[in-house]
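Remarks on the structure that follows.
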Amino acid sequence: MRSVIQDPRLKTQEAKESRRAGEPEGRFSGFLVFWLSLLACVLCLVSSSVVAEDSTPLRVLDAGGEEIASLEVLEIQEVKYVLLGEVKELFSGTAKYERLIGRVTVTMRGRKIILTLGQHQLKIDGEEYVLSNPPTSISGKVAVPLDFLTEILPNVIGKRIKLDQSQGWILQLSREPFVKKDELEADSHTIPELVSGGFRVIIDPGHGGYDVGAKSKDGLLLEGDLTLKIGQRMRKLLAAEEGVDVYLTRSADKYMTTAERVNFANKLRGHVYLSIHFNWSPSQRSRGFRVYVNSNRMRLGTGSDLEANIFSRVKPASSELSEAKRFLSQSKRLAGEVTNRLRSEGLTGEEDKEAFLAVMDNLSMPGVLVELLYLSNPQDLIILSRPDFIDSVSQVLCDSILAFRADLEL
Ligand SMILES: [Zn+2]
């Protein structure tokens, strides 16, 4: 059975809607207002089912497996929330809710969390974090999405917290210390603060998670693994360079949408973006690297060896092209560096025509996509199986980026 809680906020919104809708003047306006009011009432009844208490509460287990509390789970439009008041009590914190500005200050374990209703961003001792969904008010009480428990609280209590859905809803507190995920990861829900003012390089290891990308015939080599290895190696190499800040769109085997990658890069206000991929073709003869820049020119007659998700077949609206155009000449410069350096280290390949790259749509910085080798080509596989290939190719790509930076500074 699902008990139902009336959400006054939704009611008010509907009342506003109906007021707005009731504005038209004329002799029918009274009649209209009557019917609209009736409609609004019906909508109110419907909306009351929008906020529902989940039938199963969230059981909280301590590190020894002992149940120490049970939290109410509420749902609005398929997003699950818990009440901040209950969470605060569980961890013996205090909270101050400034209703007029929608700001909540929670003090817990000597740390201060500041969140605002309707805003994804929150701060822990001044450091910014991002929630999947903004905190909201349900029946006048502040509610936070479930990732507040698993992604935010561990930073405060210093211990890992796991959410397990296999046997009902269980929140498992842990003795294991919480090791803060690398701040540079896009998937850690944190936005690193831009303090150093260095040259910001964003490396995008293509694919990840269930999207493994291209595969070698024997299934042993996966594009998503290779790109991640190169990304991680590049991060190490570039981090050692003075005045360079390097960020990976993903530093784990995790699926990310194109938009998430680009948003991450844009939020960081990167100076350059390099997306790493490997190629595949039904023709075993296709081999070598391909370097692409984002451009407003639509790619025509795409070969079957190109990954469908990278190249959009649809010509984008002209407004969407402006960003790409802005950085086109710089992107071409980087593409030239990458091409020349890969060639001088013995790889064959080419700098391809400009394409409209869906992976770099809306990217607000110069960007290049490189397909390093064909996982479908026997000769390319021999190159790839060399023990130092990952290290060497990472070095070549880093050198290209550093040369690009030096060129910009001239
Ligand atoms: Zn790919």
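Contact map, the range 197-221: first residue without any contact (Cβ under 8 Å) to a residue 40 or more places away in the chain, second residue of a type outside the set (Ser, Thr, Tyr) and within 16 Å of the ligand (Cβ to nearest atom), Cβ cut-off under 7 Å, separation 6 or more or different chains; pairs are Val212/Leu222; Val212/Glu223; Val212/Gly224. With respect to Arg333, determine if the residue is touching a His at 6+ places or on another chain (Cβ under 8 Å) and of a type outside the set (Gly, Ala, Ser). For Arg333, the condition - touching a His at 6+ places or on another chain (Cβ under 8 Å) and of a type outside the set (Gly, Ala, Ser) - is not met.
For the subset of the range 206-234 comprising residues that are buried (at least 21 other Cβ atoms within 10 Å of the Cβ) and more than 15 Å from Asn279 (Cβ to Cβ), which member is nearest to the ligand (Cβ to nearest atom)? My answer is Gly208. Does Ser196 meet the test of being at pLDDT 85 or above, part of a loop (DSSP other than H, G, I, E, B) and over 19 Å from Phe389 (Cα atoms)? Criteria not met by Ser196. With respect to Ser392, is the statement that it is touching a Lys or Arg at 6+ places or on another chain (Cβ under 7 Å), in the same structural domain as Gly224 (by TED's automatic domain parsing) and not β-branched (Val, Ile, Thr) true? Criteria not met by Ser392. Looking at the range 215-230, is at least one residue closer than 28 Å to Glu127 by Cβ and of a type outside the set (Val, Ile, Thr)? Yes, the range 215-230 has at least one match.
Of the candidates Ser364, Ser376, the single residue that is modelled with pLDDT of 70 or more, under 24 Å from the mean Cα position of the chain (by Cα) and not in a helix (DSSP H, G or I) is Ser364.
Based on this model, can you work out whether Ala240 counts as more than 14 Å from the ligand (Cβ to nearest atom), surrounded by fewer than 19 Cβ atoms within 10 Å (Cβ to Cβ) and at pLDDT 90 or above? Spelling it out, Ala240 is indeed more than 14 Å from the ligand (Cβ to nearest atom), surrounded by fewer than 19 Cβ atoms within 10 Å (Cβ to Cβ) and at pLDDT 90 or above. Residues in the range 94-127 that are exposed (fewer than 13 other Cβ atoms within 10 Å of the Cβ) and in a strand (DSSP E or B): Thr94, Lys96, Glu98.
The values are calculated or read from the model by the stated rules, or taken from the named source; none is laboratory data. No experiment lies behind these values; they were computed from the predicted model shown. We place every Cβ from the backbone using ideal geometry, glycine too, and count neighbours over all the protein chains shown.
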